[in-house]
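First the structure, in the form of structure tokens, and then the observations on it.
The numbers here are math on the coordinates, done by the rules we state, and not lab data. Quick caveat: nothing in here was measured; it's all calculated off a predicted structure. Using ideal geometry, Cβ is built from the backbone for each residue, glycine included, and neighbour counts are taken over all protein chains shown.
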Amino acid sequence: MANNEDQFKKVISHAKEYGYIFGSSEIYDGLSAVYDYGQNGVELKKNIREYWWRSMVYMHQNIVGLDAAILMHPTTWKASGHVDAFNDPLIDNKDSKKRFRADVLIEDYAEKIHQKAQKEIDKAKKRFGESFDEAQFVATNDRVVRYKKEQKEILERMARSLEAEDLADVKALIEELGIADPDTGSKNWTDVRQFNLMFGTKLGASAESATDLYLRPETAQGIFVNFLNVQKSGRMKIPFGIAQTGKAFRNEIVARQFIFRMREFEQMEMQFFVKPGEEMKWYEYWKETRLNWHHSLGLGKENYRFHDHEKLAHYANAAADIEFNFPFGFKELEGIHSRTDFDLKAHEEFSGKKLQFFDHETNKNYTPYVVETSIGLDRMFLAVMSNSLEEETLEDGSTRTVLKLPSILAPVKAAVLPLVKKDGLPEIAEKIIEDLKWDYNVTYDEKDAVGRRYRRQDANGTPFCITVDHQTKEDNTVTIRYRDSMEQERIAIEDIASKMEETISFKKWLS
Ligand code: GAP
């Protein structure tokens, strides 16, 4: 996939043109970092959610679902640490008046050093060909060693300063590295300050009696406070998991890059409750399982990498991101966190209610440890969309725009097209739709020449086009055309559903 701004711009405009994503309340000039999903977007989003849900809940006998409310008792956020610690360090540029996340400025700087090292490695790979020993080169090449060391030192110093709340040193680091406002080049910075990311709201009608609430910044806390409800009512035994998808809200300082960082977004999270001491085994298990889930969609294994956290969140004893190669480079797509017993213990302390598991083997209660997998649905949407959009040059020199979405995720699975609008062909097409619509989202299109209709469906990501022509009336066969190969095949009408099933079944994709 092209790692460039152009591809990203194309994705954004394609998403709008084909009814995937619109800016929120656009007629009023929109609302920064808030987006609406159109007729195709809502389907793609639903399909990604379903793909995740099935892989988590249906594929694991010891994982169940939950749908907790967005609004929670305000003490939840005191206990979880979000009131005190859910902050981002922000810094303003005095000349441009723009606000940045101080840690992101430093991370971007470190990433550039990483890219320099990578360039050296790629050059050497080309030079030495087959005989290239990458590990040895990385360990011995002076430049690469220097770049890696520099990058590590910068990230470690930042992690130390943030951990110690030494914001003056974060600023000093920015100044020492000579980091400038990426848009204007100005190095005229304010001090670094902490900024809480939670959105506040009010519950109740009158000003005096209203209670201050927060819109949840993560779905995970709804799972923790329901841990015992689910465990008892579902007679769950450790290890077990609770999965949930739903909206989360964060007042992001720098919301940019389209739906990558939004103020209202959706998470798909799973908390896996384990015996204390076994968390590292499960942490590794979930890292691997989640990476396999991503690989199953076929977006290219080379587009994923793990990034171990230098600075751990206030609740974690180990954490890694699965990063994806977005058009603007490798960035976090999913987090896997070993959250210890931090959350359950904190909720016990603040609520005065026991949140423990009774182990019948040892006749003892204990507070389980938690391994969490947490992925942003919108971010996953962006990964899928940006990876799938292609401008293809065909053999005859013409080009086509094609959205090669994994077929299991495609919003519309098939378009049924009568070759002409007469001679009874539309009626046959309608009948085919009547039959397919029970299992698939299918569409009818009779406008324009069939070639143009194919191109329209290609750009929309529809994996199959089914064309009804005059021969259909004679022998009940149709042409099925495949989006990616553009190959066509003549098949019987009664075989359409099974042909589609061969390509679009959860069993095929998830196993
Ligand atoms: N419960 C753990 C948690 O919330 P996180 O790393 O802050 O961890 C998890 O968020 C995932 O949610 C991220 O990997 C990302 O995919 C998504 N996410 C976080 N903030 C987001 C935002 N502002 N816009 C879109 N997605 C976001």
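Structure values in brief
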| item | result |
| --- | --- |
| Neighbourhood charge, 11 Å Cβ-Cβ cut-off, centred on ILE179 and excluding it, Lys, Arg +1 and Asp, Glu -1 | -2 |
| Cα gyration tensor shape of the stretch 234-294, rounded if a/c is under 1.5, else prolate or oblate by comparing a/b with b/c | prolate |
| MRE, 222 nm, helices only [DSSP H, n ≥ 4, -39500 (n - 2.57), over the chain, to nearest 500] | -11500 deg cm²/dmol |
| 20 Å cut-off, amide nitrogen to a point 7 angstrom out along ASP133 Cα→Cβ, residues in the stretch 141-156 | 141-146 |
| Extension reserve of the ALA164-LEU31 stretch, reckoned as 0.36 nm per residue once the Cα distance is removed | 44.3 nm |
| Inter-probe distance in nm under a simple model that places probes 7 Å from Cα toward Cβ, at HIS295 and HIS360 | 3.8 nm |
| Where trypsin sites (Lys or Arg not before Pro) in DSSP loops with at most 15 other Cβ within 10 Å are excluded, longest remaining stretch of the chain | 1-93 |
| The stretch 261-283-the stretch 304-366 distance, computed between alpha-carbon centres (Å) | 5 Å |
| Cβ-derived FRET efficiency at R0 51 Å, HIS470 paired with LEU197, nearest 0.05 | 0.25 |
| Estimated FRET transfer efficiency when R0 is 22 angstrom, pair GLN61-LYS508 (beta carbons, to 0.05) | 0.55 |
| Estimated FRET transfer efficiency (ASP6, ASP484; beta-carbon r; R0 30 Å; 0.05) | 0.85 |
| Two-site label geometry, ARG305 and LYS125: point separation in nm, points 7 Å out along Cα→Cβ | 1.0 nm |
| Rough spin-label spacing in nm, given labels placed 7 Å along Cα→Cβ, for GLN115 and GLU494 | 5.9 nm |
| Euclidean distance between Cα centres, the stretch 16-80 to the stretch 205-230, Å | 18 Å |
| Using alpha-carbon coordinates, inclination of helix 102-128 to the longest axis of the chain, degrees | 60 degrees |
| Contour excess over end-to-end distance, with Cα ends at GLU348 and LYS421 and 0.36 nm allotted per residue | 19.5 nm |
